[in-house]
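Taken together, the values in this text are just the output of simple stated rules run on the coordinates, not laboratory data. Since this is a predicted model, take the numbers as computed values, not measurements. Positions of Cβ are generated from backbone atoms using ideal geometry, with glycine treated the same way; all protein chains shown enter the neighbour counts.
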Amino acid sequence: MDFTPNNAERPKTNQEPVVVFERIEKSFFGVKVLQGVSFGVGVGRIVGLVGENGAGKSTLMNLLGGNLQPDAGELRVNGHRYTPRNPKDARAAGIAFVHQELNLFSNLSIAENLFLTDFPLLGIGVPWIDRRALRSRAAELLRQVGLDHSPDTLVERLPAGERQLVEIAKALGAEARVILLDEPTTSLSSRECERLFALVTQLRDRGMALLYISHALGDVLRLCDDLVVLRDGERVGSGATKDFTHDRLVSMMVGRQLNQIYPERRAPIQTGSSESMASPDGGAVLQVDRISQPGIVRDLSFKLGAGEVLGISGLMGAGRSELARILFGLDPFASGEVRLSGELLTGSPRERIRRGLAFLTEDRRQEGLCMEASIADNLALVGLPANSRTPARFLDFTGIQSAVTRMREAVKLSAKATDGQAVRTLSGGNQQKVVLGKWLLMEPKVLLLDEPTRGIDVGAKFEIYQLIHQLADRGAGVLVISSEIEELMGICDRILVMRGGEITGEFRRDDFDRERILAAALHSSKA
Amino acid sequence: MSRIIGSEFFVLFLCLIAFAAFAPFTPGFVSTGNFENLLTACLPLLVLATGQTMVLITGGIDLSVTAIIGLSSVVGALVMGGEQGWLGGSPMAMPVAVAGMLATGALVGLFNGACIAWLRMPAFMVTLTTTMFFSGLAVWLAKKVVNAESIYHLPPAFLALGAQAWMALALAVFATFVAHVLLARTLLGRWLYAVGHNPRASLISGVPVAGVTVGAYVLSGIFAAMAAILLTARLETGSPNHGKALLLDVIGAAVIGGTSLFGGKGKVLWTVYGVLFLSLISNGLNLLNLSDFLITIIKGVVILVAALLDVWRTRFVRGS
């Protein structure tokens, strides 16, 4: 296989990079996730793309892969306008993806995986696979990525690091000129990482263009030629890697979001001196004691005080959402115990709701709401049992209606929306208010919030923050999981940082420091 | 146009149109005798489709209703049948038989629901296989006990349910009304819709999703058993073959009415319209002396169109 770029295609004359993003804009449900991002990836360059969760990296990748279409701006590949409608178009344009969660079929052999979309056929007029050609071409690709397995080896027998290499071999087999690597090292050992980096460097030297997305800043600084830093859908920095340092990258990623405003936090009820919620353990409404679940969380312990807003920070995959699901009884845990107001918390979500636990999930469409059902039905859902009378459990419609009206006002739901309107038709902010309203209806003792303001406009965010504070002021404990450090610093009394299923940092309100929080969350040598 | 199609009464309009279209051309269509005939003939379908509506609302499907009819019918006849019946001739025969039939329906429903909710098997597969199993069981039971498939000599008190149109009507209307109240006014009803809309969100909101799902299939089983009572009384026979041809009509009537195969949407009243429409078409075409095959073809097309409308509505709504 020849990787010297074809002279005719080589955009050397006009110096334009192979892949160009130009003033790309993209919104989801009225929220801008990319606001005019421009950059390019040149031949023989490794470009690192860094940014916090939600900065817009995945969206850019989906645009390149044809899974999404930009609202404005244009993509160019080899100097031509590039408008992929599906992943197949991306493949045809010579763009390949190596994903964080691998896209290999573990029940098939390496060779079959490599040529899944393009099996070599015997030229006899019927679609009969040429096994010999398949094997020899696969062996050649494996040699190029430095793997010495038989092409017939089943992928399930390979360790994660070698599967990553098979992914790259697959990209080479598709004659890709551009390879995008998305968090390729998350599941690799340090030796496997070295092997990957050596291969990536080698590919660059052979004239390929590589886009490398990672949270591991140390790796990015070492491996990449150029860097692009994204924050809130904007490019906040770019240039040759030598102009960046680890600290500078972190502060650029974190930035200062002047458009964010937070309601003033009144002095929280001190843990240990709570009188509003007298519980056996000095004001702690929720006690988590040495919770472990292999591969998810390890030996987690913390207390949530009555009237406290406790933030949990960390990167995606740090185990934050998993922790919330374990607390709510959706996922199992192997050892440890959880206590609510001093008593052991067990059973189904339904039982836990009855005890006063509430959970706003990160996925409001799939898990938070019945999208086709009305605002009133969604608001009432959690409170239905309380509004029904035995023996036949007839519903008290007057009670339900007044609860719905009360909650609509409490969460300041848009006055234009009618009770009977499907929640699908609401904006993200109003949808989230409906989810919050349905939980506030039951006056929870502990509210777990997972990314409560994701995809929501600034105004609605502010109102949700206020609701969180109001609930805490009434003596409930609130646990907020968020990828936005700024947000947690704005609304929490205390922040715990998780990494790899463990708590790696704890910060009180008076020593909040975004760079130290991010450092505790990042998988890097500096942390 | 979309206002008419989107209206709750769209299918009722269709019934009126069908009626107006048949009336001038169909001999004997507009007559008391035919109306009575139409009414009694559609009652088992009404009860079945009402039960099915509750399952469809949860996003499931119950294909086993015809098997439940067969098995209940045999069980009931074996209890109260005049010659070989277990309680033949006893004054307790009828109440025990009716209770036995309803229990049979409930138990089959419980089995279906347990497989679907607790073992997480697909409803389609579960109810398709239980159809085979319980149909077979019904035949086996009848053959074993009376050495024939049909069981005659049912007590007169029971047969009155079939002979007196008003009694059958009262039973069917009662069953339908109970289902309506259950869906519209009770906690379980709201939970059925919630599970159909989004089982994950429901679980997280404290809905006992597995229990609600099982409840839907048990109810469907009980309603099928009530249909078995109507059919057994009208045909004066206990037989494993009752209602065998009804399955597509049952799901068809619910879907024509507007109950969604995707769950979360449906009303008993809509199903009543659907049953009325399907029965009107069937009856009218029959009186026009069309062959059974042709009628089946036409009904098939009507149901297919209704299912297509369901997909369009769902995609139109969810896609935008």
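Highest GNM mean-square fluctuation, chain B, Cα pairs closer than 10 Å: which of B:SER64, B:SER291, B:SER135?
Maximum among the listed residues: B:SER291.
Pull out a ≥ b ≥ c, the square roots of the eigenvalues of the alpha-carbon gyration tensor of the range A:400-527, then state rounded if a/c is under 1.5, prolate if not and a/b is larger than b/c, and oblate in the remaining case.
Judged from the Cα gyration tensor, the range A:400-527 comes out prolate (a/c at least 1.5, a/b above b/c).
Please name which of A:VAL41, A:GLN164, A:ALA92 has its Cα lying farthest along the dipole of chain A towards the positive end, using unit charges on Cβ (Lys, Arg +1; Asp, Glu -1) and the Cα centre as origin.
Towards the positive end, the residue furthest out is A:ALA92.
Within a 10 angstrom radius of the beta carbon, how do A:LEU413, B:LEU110 rank from fewest other beta carbons to most?
Going from sparsest to densest Cβ surroundings: B:LEU110, A:LEU413.
Just how large is the dipole of the range A:88-220 about the Cα centre, in debye to the nearest 20, putting +1 at every Lys and Arg Cβ and -1 at every Asp and Glu Cβ?
380
Percent antiparallel among DSSP beta bridges with both residues in the protein assembly as shown, to the nearest 5?
About 60 percent, rounded to the nearest 5.
About its Cα centre, how strong a charge dipole does the range A:98-171 have in debye, to the nearest 20, once Lys and Arg get +1 and Asp and Glu get -1 at the Cβ?
200
So who's got an amide H within less than 5 Å of the one on A:GLY237, skipping anything under 5 residues away but keeping other chains? H placed 1.01 Å off N, in plane.
A:VAL229
Treat chain B as a sphere of radius equal to its Kirkwood radius over Cα pairs and apply Stokes-Einstein at 37 °C in a medium of 0.692 mPa s; give the translational diffusion coefficient in µm²/s, rounded to a whole number.
Answer from the Stokes-Einstein relation: 164 µm²/s.
For A:LYS88, list the lysines whose Cα falls under 23 Å from its own Cα; do not include residues on the same chain fewer than 8 positions away.
Reachable lysines: A:LYS26, A:LYS57, A:LYS170.
Tell me which lysines have Cα within less than 30 Å of A:LYS303's Cα, excluding those fewer than 8 residues away on the same chain?
A:LYS433, A:LYS438, A:LYS445, A:LYS461, A:LYS526
Roughly how many whole Å is it from the C-alpha centroid of the range B:64-132 to that of the range A:356-395?
Centre-to-centre distance over Cα atoms comes out at 34 Å.
In which sequence would B:LYS299, B:LYS244, A:LYS433, A:LYS416 go, from the one with the fewest C-beta neighbours within 10 Å to the one with the most?
Placing the least packed residue first, the sequence is A:LYS416, B:LYS244, B:LYS299, A:LYS433.
For A:LYS32, list the aspartates and glutamates whose Cα falls under 12 Å from its own Cα; do not include residues on the same chain fewer than 8 positions away.
Within the straight-line cut-off, A:LYS32 pairs with A:ASP71, A:ASP232, A:GLU234, A:ASP457.
Rounded to the nearest 500 deg cm²/dmol, what is the calculated helix-only ellipticity per residue at 222 nm for chain B, with -39500 (n - 2.57) per DSSP H run of length n ≥ 4?
Value at 222 nm, helices only, nearest 500: -25000 deg cm²/dmol.
Could you give the dipole magnitude of chain A about its Cα centre, charging the beta-carbon of Lys and Arg +1 and that of Asp and Glu -1, in debye to the nearest 20?
Approximately 540 debye in magnitude.
Modelled label-to-label distance, A:ALA386 and B:ALA41, 7 Å Cα→beta-carbon offset: nm?
So the two model labels end up 5.4 nm from each other.
Apply the a/c threshold of 1.5 to the C-alpha gyration tensor of the range A:438-490 and tell me whether it is rounded, prolate or oblate.
prolate
How high is the relative contact order of the range A:98-171, in percent, counting Cα pairs under 8 Å that sit 6 or more residues apart?
Here the relative contact order equals 44 percent.
Which of the three applies to the protein assembly as shown, rounded, prolate or oblate, going by the alpha-carbon gyration tensor with a ≥ b ≥ c and a/c under 1.5 meaning rounded?
Judged from the Cα gyration tensor, the protein assembly as shown comes out prolate (a/c at least 1.5, a/b above b/c).
Per DSSP H run of at least 4 residues, take -39500 (n - 2.57); add these up for chain A, divide by its residues and hand me the 222 nm value, nearest 500 deg cm²/dmol.
Only helices count here, giving -9000 deg cm²/dmol.
Percent relative contact order of chain B, based on C-alpha pairs within less than 8 angstrom and at least six residues apart?
Taking the mean separation of contacting Cα pairs over the length of chain B, I get 32 percent.
Going toward the positive end of the dipole of chain A, with +1 on Lys and Arg Cβ and -1 on Asp and Glu Cβ, which of A:GLN293, A:GLY237, A:PHE119 do you reach last?
My answer, from the dipole projection, is A:PHE119.
With 10 angstrom as the radius, rank B:MET54, A:MET489 by how many other C-beta atoms surround their C-beta, starting from the fewest.
By the 10 Å Cβ count, ascending, the order reads A:MET489, B:MET54.
If one computes the Cα centroid of the range B:215-258 and of the range B:142-210, what distance in Å separates the two points?
Going from one Cα centre to the other spans 9 Å.
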